[in-house]
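All remarks here apply to the structure that follows.
The values are calculated or read from the model by the stated rules, or taken from the named source; none is laboratory data. Worth saying up front: this structure is predicted, and the values here are computed from it rather than measured. Counting neighbours? That spans all protein chains shown, and the Cβs are built from the backbone with ideal geometry, glycine included. Just so you know, the surface numbers come from the protein's heavy atoms only, side chains and all, with ligands and any DNA or RNA stripped out. Shrake-Rupley method; radii C 1.70, N 1.55, O 1.52, S 1.80 Å.
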Amino acid sequence: MDQAELSIEQVLKRDIPWETYMNTKLVSAKGLQLLRRYDKKPESARAQLLDEDGPAYVHLFVSILRDIFKEETVEYVLALIYEMLSANPTRARLFHDESLANEDTYEPFLRLLWKGNWFIQEKSCKILAWIISARPKAGNAVIGNGIDDVLKGLVEWLCAQLKQPSHPTRGIPIAINCLSSLLKEPVVRSSFVQADGVKLLVPLISPASTQQSMQLLYEICLCVWLLSYYEPAIEYLATSRTMQRLTEVVKNSTKEKVVRVVILTFRNLLPKGTFGAQMVDLGLPHIIQSLKTKAWSDEDLLDALNQLEEGLKDKIKKLSSFDKYKQEVLLGHLDWNPMHKEANFWRENVTCFEENDFQILRVLLTILDTSSDPRSLAVACFDISQFIQYHAAGRVIVADLKAKERVMKLMNHENAEVTKNALLCIQRLLLGAKYASFLQA
């Protein structure tokens, strides 16, 4: 059978020749006695044995994994440990018992990540994550000894899964699942960033369609949220498409826990670097207003939405006049704010329209095609005419973008304000900058 498709149940149906291992001194007489009491017994009996003698069983299982390399036996012991911890994850504390202070309980699992088949890799990874998460945070130094190297080794394997998964459908989900709990650890964050893990994580952020992919998306966003507390990671998040991707997720997701973790990430990032300006550019103020109208039950989410809304309002106040103008255009609702008719605004900012391949000019033209608001249509026509007047190549650029046909359609609009400004725009487009100054609105 393909090892990748093995289940815990199938593995635990095997009969392992424990007596043979005792005869060859790979298992002690005491170990064999413990195994006979435990193996193939009902869950309640196993639970009682773990309550009474848990550290001894951990020592036994770790010793077997250290000393025996037969694949079927390694899989079997991993299945026993996995079953024991998945039934009660707090049992992972047994691996940190004082009686095991001189035992390297991490080593076998770390080694098996790289040496085993997929069943062995997956179970070793999950078990390692449980053991690491359960270690005493302020316990004695011996228990935490060498943990940094263990974490770095695990992060290296997790990043390898994100880059080139060992299993086509389960490699990435298991890596993300472990990272979503381990990125709370400062050493994991720094190792993950140093291994270029953030670059591997960001492309995975995209809206989910199935329940399974929704859980994966939640865990991916949880990883980004945890990284939003770590400055070196923030530097990369600022220069990648993280904000665009998270914005798409929050616009398209109805799952409350996904929306919450993305909004909490935005709240963390808002005061840092250029994130606030990026959020404004992406139309986040409008998205927040829309999200606030929905019936969320999570108080943390509602508080975060309110805080983010207030923070974005402050950010917009501090943005330059062109940033404010850009925000207005990107939201698609134009009005006769003073800057539209201020000559100084156009003289100082007309070259800013060249950014991102004339993005703002293209959005103005899109407003002409899509808006049903007469005020927005009138202002968009006027602004395009202003661009023609103040940009040295304005007439040519606007003509190349096929603006003439779009504006001409508005010449017969039922609203007088729209037709007046459409006419002005056409006149400036046809006459060019040389004569445009005679056609002031």
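Would you calculate a helix-derived [θ] at 222 nm for the chain, using -39,500 (n - 2.57) for each DSSP H run of n ≥ 4 and dividing by the full residue count, to the nearest 500? List each step's numbers first, then the result.
Numbers: 26 runs with 303 residues, N = 441.
It comes out at -21000 deg cm²/dmol, rounded to the nearest 500.
Just report the Cα centroid separation between segment 255-273 and segment 158-206, whole Å.
20
Looking at segment 49-180 from every direction and averaging, what is the projected area of its Cα convex hull in nm²?
For the Cα atoms of segment 49-180, the hull's average projected area reads 7.8 nm².
Starting from the Kirkwood Rh over alpha-carbon pairs, what translational D in µm² s⁻¹ does segment 179-231 have by Stokes-Einstein at 10 °C and 1.306 mPa s?
139
At 20 °C and 1.002 mPa s, grab the translational diffusion coefficient of segment 114-258 from Stokes-Einstein with a Kirkwood Rh over Cα pairs, rounded to a whole number in µm² per second.
The Stokes-Einstein estimate is 135 µm²/s.
Take every Cα-Cα pair in the chain and report what % of them are more than 40 Å apart.
The calculated P(r) of the chain puts 41 percent of pairs beyond 40 Å.
Among the lysines, which have Cα under 17 Å from the Cα of residue 163 when same-chain residues fewer than 8 positions away are ignored?
152, 199
Taking all protein chains together and a probe of 1.4 Å, list 413, 333 from the most accessible to the least accessible.
The ranking, largest first, comes out as 333, 413.
Leaving ligands and nucleic acids out of the surface, order 18, 336 by accessible area at 1.4 Å, largest first.
From most accessible down to least: 336, 18.
Got a sec? Which residues in segment 348-379 would a label at residue 342 touch, if it sits 7 Å along Cα→Cβ and we count backbone N under 11 Å?
Label zone hits: 348-349.
For residue 317, list the lysines whose Cα falls under 24 Å from its own Cα; do not include residues on the same chain fewer than 8 positions away.
272, 292, 326, 341
Over the chain, give the accessible area per residue in Å² for a 1.4 Å probe, as an integer.
Each residue of the chain exposes 48 Å² on average to a 1.4 Å probe.
Tell me, what is a quarter of the convex hull surface for the C-alpha atoms of segment 1-68, in nm² with one decimal?
If I average the Cα hull's projected area over directions, I get 5.3 nm².
Can you send over the carbon and sulfur percentage of the accessible area for segment 144-257, probe radius 1.4 Å, protein chains only? Each step should come with its number before you reach the end.
Working: 2540 of 5070 Å².
Its accessible area is 50 percent carbon and sulfur atoms.
Given a cut-off of under 8 Å on Cα pairs at least six residues apart, what relative contact order in percent is computed for segment 100-183?
Here the relative contact order equals 30 percent.
Just read off the accessible area of residue 7 with the full protein assembly in place, 1.4 Å probe, to the nearest 10 Å².
My reading of the accessible area for residue 7 is about 30 Å².
Just to be sure I follow: if Rg is taken over the C-alpha atoms of segment 292-380 and Rh is the Kirkwood radius over the same atoms, what is Rg/Rh?
Values: Rg = 16.1 Å, Rh = 15.1 Å.
Value, to two decimals: 1.07.
How big, on average over all directions, is the shadow cast by the Cα convex hull of segment 240-393, in nm²? Please report the intermediate quantities before stating the final value.
Working: hull surface 39.2 nm².
Averaged projected hull area, Cα only: 9.8 nm².
Å³ per residue of the Cα convex hull, for segment 209-324?
Looking at segment 209-324, the number lands at 98 Å³ per residue.
Based on alpha-carbon centroids, what's the gap between segment 332-392 and segment 66-115 in Å, whole number please?
A separation of 65 Å, based on Cα centres.
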